[in-house]
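Taking it in order: structure first as structure tokens, then the write-up.
The values are calculated or read from the model by the stated rules, or taken from the named source; none is laboratory data. Computed from a predicted structure; not experimentally measured. Please note: Cβ atoms are built from the backbone with ideal geometry, for glycine as well, and neighbour counts cover all protein chains shown. Protein only, heavy atoms only, side chains kept; ligands, DNA and RNA dropped before computing areas. Shrake-Rupley method; radii C 1.70, N 1.55, O 1.52, S 1.80 Å.
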Amino acid sequence: MCRIITVANQKGGVTKTTICQHLSYLLAEQGRRVLCVDFDPQINLTSTLLPDGQAVGMDISGVMACLLEDQDLPVPSSYIQRCGKADLIPGSKNLGKLETSLLTEMGTERFLQEILSPLRAHYDYILIDTNRAASPLMTNALTAADSVLVPICPEFYSTEGLSDLIASVLKNRRRLNPHIQFEGIVFSRCNLRTNLYRTTRANVETAFRGEIRVFKTAIPDTVKVGDAISRGLTVMEYAPESKASSAYRAFAKEVLASETERAPAEGCTIHVLSDSGVRRVG
Ligand SMILES: Nc1ncnc2c1ncn2[C@@H]1O[C@H](COP(=O)(O)OP(=O)(O)OP(=O)(O)O)[C@@H](O)[C@H]1O
Ligand SMILES: [Mg+2]
């Protein structure tokens, strides 16, 4: 059964795109059929996954524009590109321009869901890379998703973005997508020996115990990841013996392990961390 996972955090630079790149590679390596969707106007995922950074066919903004103009969906082969082991619906900077139309036109929240639903039969995982803003694009990405994967980096204020995102997901669950779940929170770009990492992790685990899974694996902070990306590679290809490579493999294993143990979304109470402590938001 296909799982659509939106990778999101309203805080920038927390490795959303890097996680999409690496997780898609590892899931495909394990024989899963994987599609990535670059739903961020920065198009970092497209630039990373396509050798020359250029989409050959239509990109996701073109497909969204068809729906805005009440046209039929184009055939998937006109906008899905093969890149390595996975497939990609590329992004484009036009996504940014499209946002205004999404805001002003009625009933646009389900456009991405409409585009991805027919593709469920062809993939085991669809990973959506998102931008950092609470925007009509984010609403679409949450409405289309089965679950939200939240990367966080252990920094001062890192839980601020987390609280905002969780509030957005819960609002989306109430208003648009009652089935949306949390895939989990993954710590990324971590210096594992610091007190900041240990304290942030302990706080997050305490706040969400029994509500949102916190992945055991943390992705370490290392220049090897940036080096790999700059060569259009994953760290598993560039530095297979590195700690980051092993961590990404362990993280993908955790994601795959939960294929058999998915719980229903309803009925949980969610607390979030804020400066003033832990508070309930849903
Ligand atoms: N494990 C890591 N160690 C060190 N640097 C990393 C690691 N993972 C990613 N990076 C680097 O961190 C930066 C931010 O990563 P990335 O672009 O994936 O974040 P993002 O959340 O998608 O950002 P944005 O909000 O702008 O979309 C990039 O320069 C990337 O190369
Ligand atoms: Mg990004």
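For this structure, a couple of remarks:
- Ranking 159, 63, 96 by how far each Cα lies toward the positive end of the dipole of the chain (charges on Cβ) leaves 159 at the top.
- Among 145-153, 119-127, the peptide with the highest mean count of other Cβ atoms within 10 Å heads the list, and the full ranking is 145-153, 119-127.
- C-alpha center-to-center spacing [the range 118-172, the range 31-70] in angstrom: 17 Å
- Among 44, 143, 184 - extreme Cα towards positive end, dipole of the chain, charges at beta-carbon: 184
- Entry note: the range 11-169 has Rg to Rh equal to 0.94, where both radii use alpha-carbon atoms and Rh is the Kirkwood radius.
- Probe 1.4 Å, all protein chains present, accessible-area order of 229, 115, largest first: 229, 115
- Dipole magnitude for the chain: computed about the Cα centre from +1 point charges on Lys and Arg Cβ and -1 point charges on Asp and Glu Cβ, it is near 900 debye.
- Surrounding net charge for residue 220, when Lys and Arg each add one and Asp and Glu each subtract one, Cβ distance under 11 Å: +3
- Ranking by accessible area, most exposed first, for 32, 3 with a 1.4 Å probe: 32, 3
- If only the Cβ of Lys and Arg carry +1 and only the Cβ of Asp and Glu carry -1, the dipole of the range 1-138 around its Cα centre is close to 520 debye.
- Separation of the alpha carbons by more than 29 angstrom is noted, of 224/253; 93/216; 171/243, for 93/216; 171/243.
- Close amide H contacts of residue 190 (hydrogens built in the peptide plane, cut-off under 5 Å, sequence separation of 5 or more or a different chain): 219, 221.
- A probe of 1.4 angstrom, applied to the heavy atoms of all protein chains, finds residue 16 with accessible area near 20 square angstrom.
- Lysines whose Cα lies under 24 Å from that of residue 97, excluding same-chain neighbours fewer than 8 positions away: 11, 16
- Antiparallel bridge percentage (DSSP; both residues within the chain; nearest 5): 20 percent
- Helical runs (DSSP H, four residues minimum) scored at -39500 (n - 2.57) apiece and divided by the length of the chain put the mean residue ellipticity at 222 nm at -12000 deg cm²/dmol.
- Backbone HN-Hα couplings from phi across the range 43-49 [Karplus 6.51/-1.76/1.60, Hz, Gly and Pro as x]: 6, 5, 5, 4, 4, 6, 7
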